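What follows is a set of notes on a single structure, which appears directly below.
The values are calculated or read from the model by the stated rules, or taken from the named source; none is laboratory data. Keep in mind that what you see is a predicted model, and the values were worked out from it rather than measured. Every residue, glycine among them, receives a Cβ derived from its backbone with ideal geometry; neighbour counts consider all protein chains shown. SASA here: full protein model, heavy atoms, side chains in, ligands and nucleic acids out. Shrake-Rupley method; radii C 1.70, N 1.55, O 1.52, S 1.80 Å.
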Amino acid sequence: MKAMILAAGLGTRLRPLTNDRPKALVTVAGRTLLEIALARLHSFGVTDVIVNAHHHAQMIADYLQAHGNFGMRIEISREEELLDTGGGLKNAAHFFRDSLQEPFILHNVDVLSTIDLERMVRFHAEQHALATLAVQDRVTSRYLLFDEVGQLCGRRVVHAPQAEFGPAQSAQPDQLVRPAAQLQPLAFAGIHILSPQIFSKMEEQGAFSIIDAYLHLAAQGEKIIAFRADEYYWRDLGRPENLLQAAQDIANGKCSEN
């Protein structure tokens, strides 16, 4: 099975840690974020990985070479200009051309979780989805909106803690791309399962967000669905204080970093 790790971001929220290194090489509990993500993928049978890189890209290449690619086949997709999540994925389309019938995993480098990727891949196949997104019922500033059967139908942006607005209110009007009798606002976990057919369906060019692409595809009737991951541990590793908490969680056995 193949996967892509999104690691090209500048890691501005992690400064000053990312002043002299890419966020992929920031450490938590003595291991880099990239090593943790690779180990997670490898434990679920992933053998081939492409990692996009921009900020200090050569450091990532040197790091992987020094560690023998952690026993995997790894390619680096260098971005001279940042392409965002969707553009970065589309730029790596060549990596998936020889496995057009098999879904693949798209994984942010700066998340730590115990989400069962095997179960998620199985769910994706059972649902015959174009994209399956791991989501949780938790407070966030950006929600994805799903209908009563778990299909993506929009998004909601909240600029302050949810409690200030109440559960049904937001700082901006909801962006809806499909009608829904009932909206479920859920937080995205930065882990996707994708069918390779998505490359022929994304119309965007250059730098663009994968979420924007999902909303566009959902508006066209494509099946972009939610995988509820509420029972799993998950933490964003994009801020220094989150790294400290993640290290404590690992030490306390709340999360195995594999």
* Asked: A66 versus D174, label points 7 Å from Cα toward the beta carbon: distance in nm?
  -> 4.9 nm
* Asked: Among D62, D137, D48, which one shows the biggest mean-square fluctuation in a GNM of the chain, springs joining Cα atoms closer than 10 Å?
  -> D62
* To do: Per DSSP H run of at least 4 residues, take -39500 (n - 2.57); add these up for the chain, divide by its residues and hand me the 222 nm value, nearest 500 deg cm²/dmol.
  => -7500 deg cm²/dmol
* Asked: What accessible area per residue comes out for the chain, rounded to a whole number of Å², with a 1.4 Å probe?
  -> 45 Å²
* Additional length obtainable on full extension of the chain from L82 to V157, 0.36 nm per residue less Cα span -> 24.7 nm
* **Pairs beyond 30 Å (Cα-Cα), from K23/K90; K90/K254; K2/K254; K223/K254** => K90/K254; K223/K254
* Between (i) 19.7; (ii) 18.1; (iii) 18.8, which matches Kirkwood radius over Cα pairs in Å calculated for the structure shown? -> (iii)
* To do: Could you state how much accessible area E231 has, in square angstrom rounded to the nearest 10, with a 1.4 Å probe and all protein chains kept in place?
  => 120 Å²
